[in-house]
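Scroll down for the structure; my scribbles are underneath it.
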Amino acid sequence: MAASRVSRFWTNQSPKVRSLLRIASAFTFMLAGSSKLFAFPVGMPNGMKLVPFSEVWFAGVLEVFGGGLLVLGLCTRPVAFVLSGEMAVAYFQAHFPHSPWPTVNGGVPAFLYCFLWLYFSSAGAGPLSIDALRGK
């Protein structure tokens, strides 16, 4: 009896938890981009300097601005789809050549973000979003 009440409670909360997952994930995603573009909260590894309009620069732009849109829950489905593709490219270009295993090649974040953004491109932003306010 009590288990079904708890189960019902969490089932009812799942849309809000989806929104929280989107917000928390997008915030950390933005930090990856801000590290590339602004050296905040930490700079690029080995003191690497970012070249404007390079592939890494475009990745940083997508991560900061796309992540910002996802934090707000604005245009979530198309933005998440583009970012999922970005992470797939990042994984297969930068990580997969070293090993097919994400835990070996350092690609766990890219791998997880790829599938997380693919999920949001399908599931939508959840109720705590601008998309929900707009009825999208």
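The values are calculated or read from the model by the stated rules, or taken from the named source; none is laboratory data. As the structure is a computational prediction, the values presented were derived from the model and not from experiment. Neighbour counts run over all protein chains shown; Cβ positions are idealised from the backbone, glycine included.
What to note about this one:
- Checking Gly107, Gly85, Gly68 one by one, the residue that is touching a Cys at 6+ places or on another chain (Cβ under 9 Å) and either of a type in the set (A, V, I, L, M, F, W, C) or at negative phi (or both) is Gly85 and no other.
- The C-beta contact set for the stretch 94-116 (first residue over 21 Å from Glu55 (Cβ atoms), second residue crowded, with 16+ Cβ neighbours inside 10 Å, distance under 6 angstrom, 6+ apart or interchain) comprises Ser99/Asn105; Leu116/Ser25.
- Here Leu74 meets the list (1) more than 19 Å from Phe58 (Cβ to Cβ); (2) in contact (Cβ under 8 Å) with a residue 40 or more places away in the chain; (3) under 14 Å from the mean Cα position of the chain (by Cα); (4) not in a loop (DSSP other than H, G, I, E, B) almost entirely, failing just condition (4).
- Verdict on Ala3 being part of a helix (DSSP H, G or I), closer than 24 Å to Leu116 by Cα and either modelled with pLDDT under 95 or not basic (Lys, Arg) (or both): no
- Enumeration of residues in the stretch 22-47 that are free of Cβ contacts under 8 Å to residues at least 60 places away in the same chain, of a type outside the set (Val, Ile, Thr) and within 22 Å of Phe111 (Cβ to Cβ): Ala24, Ala26, Phe27, Met30, Leu31, Gly33, Ser34, Ser35, Lys36, Met44, Pro45
- Inter-residue pairs, beta-carbon under 8 Å, first under 16 Å from Trp57 (Cα atoms) and at pLDDT 95 or above and in the stretch 77-88, second buried (at least 24 other Cβ atoms within 10 Å of the Cβ) and acidic (Asp, Glu), 6+ apart: Leu83/Glu63; Glu86/Glu63
- Hey, Ser121 more than 22 Å from Arg22 (Cβ to Cβ), among the polar types (S, T, N, Q), surrounded by fewer than 20 Cβ atoms within 10 Å (Cβ to Cβ) and touching a helix residue (DSSP H, G or I) at 6+ places or on another chain (Cβ under 6 Å) or not: no
- In the stretch 48-76, residue nearest to Leu133 (Cα to Cα) [restricted to those that are at pLDDT below 95 and of a type in the set (Phe, Trp, Tyr)]: Trp57
- When the stretch 45-91 is filtered for residues that are buried (at least 21 other Cβ atoms within 10 Å of the Cβ) and β-branched (Val, Ile, Thr), the ones remaining, listed by number, are Thr76, Val79.
- Any hit, the stretch 79-99, residues being within 19 Å of Phe27 (Cα to Cα) and either β-branched (Val, Ile, Thr) or not in a helix (DSSP H, G or I) (or both): yes
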